[in-house]
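Here's the structure, in structure tokens; my notes come after.
No lab work stands behind these numbers, since they all come straight from the coordinates. Here the structure is a predicted model, which is why all the values come from computation and not from measurement. Please note: Cβ atoms are built from the backbone with ideal geometry, for glycine as well, and neighbour counts cover all protein chains shown.
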Amino acid sequence: MAYIDIENVSFCYPGQSRFVLRDINLRIYKEGVTAVTGANGSGKTTFSKLLIGLLKPVKGRIQLNGKLLSSLTLAQIGRQIGYVFQNPDKQLFCETVEEEIAFGVRNLGLPPERVTQKVREVMDYFELSRYAQAYPLSLSAGEKRRLALAAVFALEPGLLLLDEPTTGLDPYRKQLLGDYLDKLVAANRGVVVISHDQKFIDRYATRLLRLEDGQFIEE
Amino acid sequence: MDAIVVDRLSYRYQAVGREILKNISFKVAPGEIVALVGLSGCGKSTLCMCLGGIIPHYLGGMLDGQVLINGKDTKEYRVAQLALEVGLVFQDPDTQLFAPTVEDEIAFAPENLCLPVEEVATRVDNVLDTLGITSLRKTNPNHLSGGQKHLVAMGAVLALEPSILVLDEVIAQLDPVGKRIINEILVDLRRRGKTILIVEHDPEAVSIADRMLVLEEGRLIKDGETATVLEWWEFMLRHKYGCDNWTISGHATGPE
């Protein structure tokens, strides 16, 4: 069964006549790495915001794991889809790096020792341990990106939706990210990556979708 | 006279104990394209802000050494004065865009130079056309995609026609068409004698540079001709960091 089922979805921003997305029919499965490409301004980020309920379709419907997205709260959706924004500044709000990662994990209701363990695991993996007590917004862009990814990965959602995740990452950290995605896929989780990074897509994607004139083309 | 002189530059932010830049020295001649690479957090953006005078004027901190932009010591000139010499395009365009429309954004700086209205209009039209964003001229920058915002931020700086351009990871979020346009612009600017410093991680983006600098934990560890340093950097990434996803992909848009 599809994890996300998109039926006849169209979207335009309020006050605008141009439809950014037109009659989209698409199924996204909890498997592999799906890459979404398309020109700047083609609607990739808009599409991702529809999937996590930040925007509502003007036509059509989206189902997440068999339930209508419109019947779920943002928190309920957030537990099933981990979303990493294009700009990590929009996502980071805690006083320290450690707290930023712990915030979501704690809200899952895990016992404190499990929270601590999970935070340490992702901080180690993304080489953020030296910044554990640093203020997130004082980090470099690449470090902020790694932190935003780590905070979402720590939640272990069924599907990860990553908007331009390699921007600001150096080649070494890009490889760390890719290897992590491979591990997630091996653990039967799905990943959707919006990206212009052709080399990253070529290396890690198992399915390619290109957004053009408001519609998806499967490649 | 060199366009950029960085002489024994060290810097630490007020809130951060450790030194971010450590005794860095290099010069850039007029008309040179120089690429600056290094792992995240090594000090690339901090160095860019030193070149634009944002450090030390806005961010304070402890700066030792000297940065000269066309002979002007950044400590002695205001950021607004330096902006006429060096155009800095930030890593995050949201920190740069504020006007209600794209054309207002691009016109803002030339208008503030008190240029004649016709000259401002010509510059705006030229920049919009060169960047291929004329259709966005009446759009609110906040409604643009990430890549489009980068192009507008770039346009706002190009409209000032500075002699030095500093681009902090501007190309990464652009689609292939946007990347090609920026590459063409940079090659054309070099032809017209402009000096350009680009910070990027992508080997294709840096391959247009004449020279390449590598920063590691705040120190300048390599400075040389691009092809040689690219090869060395690729070797380092592969053998020191176990990274096999970074390969030199030729010099399709390289120096003429």
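Volume of the convex hull of region A:4-210 (Cα atoms only), normalised per residue: 124 Å³.
In whole angstrom, note down how far apart the Cα centers of region A:69-107 and region B:1-30 are. For region A:69-107 versus region B:1-30, the Cα centre distance is 37 Å.
Ranking of B:S10, B:S45 by neighbouring Cβ atoms within 10 Å, starting from the fewest: B:S10, B:S45.
Residues B:K149, B:K22, arranged from fewest to most other Cβ atoms within 10 angstrom of their Cβ, appear as B:K22, B:K149.
Taking a quarter of the surface of the Cα convex hull of chain B gives a mean projected area of 13.6 nm². The helix-based estimate of mean residue ellipticity at 222 nm for chain B, built from -39,500 (n - 2.57) per DSSP H run of four or more residues and divided by its residue count, is -10500 deg cm²/dmol to the nearest 500. Over chain A, DSSP H runs of length four or greater, each weighted -39,500 (n - 2.57), average out per residue to a 222 nm ellipticity of -10500 deg cm²/dmol. Please tell me the relative contact order of region A:4-210 in percent, rounded to the nearest whole number, where contacts are Cα pairs under 8 Å and at least six residues apart. Relative contact order, region A:4-210: 29 percent. In order along region B:206-217, phi translates into HN-Hα couplings of 7, 5, 7, 6, 7, 9, 9, 10, 10, 9, 9, 6 Hz, rounded to whole numbers, per the Karplus curve 6.51 cos²θ - 1.76 cosθ + 1.60 with θ = phi - 60° and x for Gly and Pro.
Along the Cα-to-Cβ line of A:D179, 7 Å from the Cα, sits a label point; which residues in region A:119-141 have backbone N less than 20 Å from it? Hits in region A:119-141 for A:D179 at 20 Å: A:119-131.
Among residues other than A:L92 with Cβ under 9 Å from its Cβ, the summed charge is 0 (Lys and Arg +1, Asp and Glu -1). Principal semi-axes of the equivalent ellipsoid, √(5λ) from the alpha carbon gyration tensor of region A:36-139, are 30, 19, 11 Å from largest down. Contact order, relative form, for chain B: 24 percent (alpha carbon pairs under 8 Å, 6 or more residues apart, mean separation divided by residue count). Counting charges near B:P162 (Lys, Arg +1; Asp, Glu -1) among other residues having Cβ under 13 Å from its Cβ returns a value of +2.
Taking the square roots of five times each eigenvalue of the Cα gyration tensor of region B:104-256, the equivalent ellipsoid has semi-axes of 33, 17, 14 Å, listed largest first. Kirkwood hydrodynamic radius computed over the protein assembly as shown comes to 23.4 Å, based on all pairs of distinct alpha carbons. Diffusion coefficient of region A:104-173 by Stokes-Einstein, Kirkwood radius over Cα pairs, 10 °C, 1.306 mPa s: 123 µm²/s. For every other residue with a beta carbon closer than 10 angstrom to the beta carbon of B:R12, add +1 if it is Lys or Arg and -1 if Asp or Glu, then tell me the sum. Neighbourhood net charge equals 0.
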